[in-house]
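Have a look at the structure below before the remarks.
The values are calculated or read from the model by the stated rules, or taken from the named source; none is laboratory data. Predicted model, so just to flag it, every value in this text is computed and none were measured. Don't worry about glycine lacking a Cβ; one is built from the backbone with ideal geometry, like all the others, and counts go over all protein chains shown.
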Amino acid sequence: MRFVLMAIGLSSMSSAFSSRPRTPNRRYLTVRGGASTSPPDIKVYYGDFPFWRAECVRVALHVGGVPFEDIRDWAEGKKYATFGSLPVMMVDGKVLSQTQAMATYVGKLTGLYPEDSWLAAKHDEIINGCTDVTNTVAATMRIKDEAEKIRARASLILPDGRLTLQLSGLEKLIVENGRNGVAIGDSLTVADLAIWRLAGWLSDGILDGLPRGYVTNPENAYRFPAIAKVFATVDNHESVVQWKTKHSKFFSREEQP
């Protein structure tokens, strides 16, 4: 997947938010109750590609410094898929599925999740919004005729299109947070990581019918500048840059939209 690199307001971005996660309580809750000073044994199962549903979990663990086994074997992961789909996590031998649940769990584990109850709810709202966007696009993938598929996607990004509506919802939530380069509060959260990869997927040109830079370019006609700013914040985060370097086959071809 080609990665779109943006540099939006980077000179002032470092002072606008805390780029490092809050230091979480290193007495880890265990799946059997109680606490431990050792991190849980975590395995993340998904395919070998950086789709946001798994990537926000993987990168959150990486940013938070929590060791985990990154198992990129679809067939192996399907053995543990409670609802028949991936990603799933194995935590001390117990299975956890559903993106929302995994995002919340790793967010709390790494300090990349709001402590405030209202902000936590807004965080979950964003994760669910990303899921809505995914489901809208996924519906077009069932269209076998390529020309019809492109027309269907083109209709989604019209001013009154379904995808425009949903992305505008994410844009609104970020704007309400203050346009400070992150989606929730004033520090990086798992929701930012989800937006980063969702925006990259929609904008890198692999989805026929969606223009390159559709979401990540704040100068395009679709106007999602707040999402684009979150994208740039995450993309230039020190630990995320390290992650991209480690997985350069997905992120080495960085192009302006």
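Quick notes on this one:
- Verdict on residue 189 being modelled with pLDDT of 95 or more and within 19 Å of residue 235 (Cβ to Cβ): yes
Per-residue answers, yes or no, for (1) modelled with pLDDT of 95 or more; (2) in a helix (DSSP H, G or I); (3) surrounded by fewer than 23 Cβ atoms within 10 Å (Cβ to Cβ):
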| position | (1), (2), (3) |
| --- | --- |
| 44 | yes, no, no |
| 49 | no, no, yes |
| 56 | yes, yes, no |
| 67 | yes, no, yes |
| 76 | yes, yes, yes |
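- Output for region 78-92, where each listed residue is assigned to a loop (DSSP other than H, G, I, E, B) and closer than 21 Å to residue 243 by Cβ: 86, 87
- Residue count for region 189-201 satisfying the condition of being in contact with a Leu (Cβ under 6 Å, 6 or more places away or on another chain) and among the aliphatic types (A, V, I, L, M): 1.
- Of everything listed in (1) in contact (Cβ under 8 Å) with a residue 40 or more places away in the chain; (2) out of contact with any Pro (no Cβ under 6 Å at 6 or more places or on another chain); (3) more than 28 Å from residue 222 (Cβ to Cβ), the single unmet condition for residue 110 is (2).
- If you go through region 142-176 and pick out every residue that is of a type in the set (S, T, N, Q), touching a residue at least 24 places away in the same chain (Cβ under 8 Å) and in contact with a Gly (Cβ under 9 Å, 6 or more places away or on another chain), you end up with 1.
- Contacts under 9 angstrom Cβ, first residue in region 122-141 being closer than 16 Å to residue 199 by Cβ and touching a residue at least 12 places away in the same chain (Cβ under 8 Å), partner assigned to a helix (DSSP H, G or I) and of a type in the set (D, E, K, R), 6 or more apart: 126/192; 130/53; 130/197; 131/53; 134/53; 136/162; 137/153
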